[in-house]
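Trainee: Here it is, the structure, as structure tokens.
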Amino acid sequence: MSTPPSPRTLLCELHAHTTWSDGALTLRQLVDLYGRAGFDVLCVTDHVLRSDDPWRPPQSCVHQENFAGYLAAVDLEAERARGRYGMLVVPGLELTHNHRDPDLSAHALALGLRELVSPDLGLVGALLSAREAGAALVAAHPHGRDADPVPARTTRRFWREWDTLAPLLHRAELFNGPDLYGWVAAGDVPVVAGGDAHRREHLSSWKTLLPCAKDEDELVAYLRSSGPAYLLPFREERAEEPAAAA
């Protein structure tokens, strides 16, 4: 009896933002950036905020009134990306629980989420709702004792409450952009890498390779499993400038 061939490994960006929240690139520009770079998978993970977020008004990101438009826009670009680049584009959200106290702050990617989950449910409530909706949940830039150069971005709650919160997650970012969160490597949650792309230069950062089919349901199911992920530093290849005439 022959063994079916294993799926090839997919080069994935699991964490990326657009002008639907705080990214500098439009959704189309983001898709073209990753498509031209040869990526197999791009997850669009714009922020959704608590109604009392201390740093930004919720209306500046994805919210109840524009979520249907956001999802439709991602799906439209996914169709274009599949035809033009052979790239899978997956919708998601970054469930953003900001607090002025970084020990209470936590961000989680909900990959494959196709219904709005509000951070007003609280961190635990939002994670449970996103899990029930079938999303793959990833702890984003989970700071330990270290702090981010941007104080508002420091998120220590996963580190402080790991025993309670880890069972609600499927993965955790070992790398976010160029930053390493080494403490998660000792936990029971499989790790991934995400670019946390907000600008073009974030294309070059640590990324994730996944050995699964290039299909949204298969990808999300794999991320929800304990299957291995492979991490690598990706560098954009740019054409060299022509030498100046002597």
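Trainee: Could you go through the stretch 45-52 in sequence order and give the Karplus-derived ³J(HN,Hα) for each residue, using 6.51 cos²θ - 1.76 cosθ + 1.60 with θ = phi - 60°, rounded to whole Hz, and x for Gly and Pro?
Mentor: 10, 6, 6, 10, 10, 5, 5, 10
Trainee: Got a sec? Which residues in the stretch 171-188 would a label at TYR230 touch, if it sits 7 Å along Cα→Cβ and we count backbone N under 19 Å?
Mentor: The answer is 174-175.
Trainee: Please report the net charge: other residues with Cβ closer than 15 Å to the Cβ of TYR230, K and R +1, D and E -1.
Mentor: Around TYR230, the surrounding residues sum to 0.
Trainee: Arrange the following residues from fewest to most other Cβ atoms within 10 Å of their Cβ: PHE234, PHE158.
Mentor: The most exposed by this proxy come first: PHE234, PHE158.
Trainee: Could I ask something else about it? What distance in nm separates the simple spin-label points at ALA221 and ARG80, each placed 7 Å from Cα in the Cβ direction?
Mentor: If labels sit at ALA221 and ARG80, their model points lie 3.0 nm apart.
Trainee: Taking the convex hull of the Cα atoms, report for the stretch 78-211 its projected area averaged over all directions, in nm².
Mentor: 8.9 nm²
Trainee: May I ask for the Rg/Rh ratio of the chain, computed from Cα atoms with Rh as the Kirkwood radius, given to two decimals?
Mentor: 0.98
Trainee: Could you state the orientation-averaged shadow area of the convex hull built on the Cα atoms of the stretch 63-107, in nm² to one decimal?
Mentor: Taking the Cα atoms of the stretch 63-107, their convex hull projects to 4.3 nm² on average.
Trainee: If each residue of separation counts as 0.36 nm, what is the full-extension length gain between ARG199 and ASN66 once their alpha-carbon separation is subtracted?
Mentor: 45.6 nm
Trainee: Search the structure for amide H atoms under 5 Å from the amide H of GLU236, placed 1.01 Å from N in the peptide plane, and list their residues when 5 or more places away or on another chain.
Mentor: Under 5 Å from the amide H of GLU236: SER204.
Trainee: Quick one: which residues, 5+ away or cross-chain, put their amide H under 5 Å from the amide H of LEU231? H built at 1.01 Å from N.
Mentor: LEU209
Trainee: Full extension from ARG100 to GLU161: what is 0.36 nm times the residue separation minus their Cα-Cα distance, to one decimal in nm?
Mentor: Numbers: separation 61, 0.36 × 61 = 21.96 nm, distance 1.73 nm.
That works out to 20.2 nm of additional length.
Trainee: Still on this model: Quick one: Kirkwood hydrodynamic radius for the stretch 34-124, alpha-carbon pairs, angstrom, one decimal?
Mentor: Values: mean 1/r = 0.0711 Å⁻¹.
So the Kirkwood estimate lands at 14.1 Å.
Trainee: Report ³J(HN,Hα) in whole Hz for each residue of the stretch 16-26, in order, from the Karplus equation J = 6.51 cos²θ - 1.76 cosθ + 1.60 where θ = phi - 60°; Gly and Pro get x.
Mentor: My calculation for the stretch 16-26 gives 8, 10, 10, 5, 5, 9, 10, x, 8, 9, 5 Hz in order.
Trainee: Estimate the FRET efficiency between ARG145 and ARG8 by the formula 1/(1 + (r/R0)^6), using the beta-carbon distance for r and 45 Å for R0, to the nearest 0.05.
Mentor: 0.70
Trainee: Quick check on the exposure proxy: order CYS12, CYS212 from fewest to most C-beta atoms within 10 angstrom.
Mentor: Going from sparsest to densest Cβ surroundings: CYS212, CYS12.
Trainee: Among LYS207, LYS214, what is the fewest-to-most ranking by other Cβ atoms within 10 Å?
Mentor: Numbers: LYS207 23, LYS214 17.
The fewest-first ordering by Cβ neighbours comes to LYS214, LYS207.
Trainee: Quick one: net charge around ALA166, please, counting Lys, Arg +1 and Asp, Glu -1 for every other residue with C-beta under 15 Å from its C-beta.
Mentor: Working: positive: ARG131, ARG156, ARG157, ARG160, ARG171, ARG224; negative: GLU161, ASP163, GLU173, ASP188.
Once all neighbours under 15 Å are counted, the net charge is +2.
The numbers here are math on the coordinates, done by the rules we state, and not lab data. Since we're looking at a predicted model, the values are computed, not measured. Methodologically, a virtual Cβ is constructed for each residue, glycine included, from the backbone with ideal geometry; neighbour enumeration extends over all protein chains shown.
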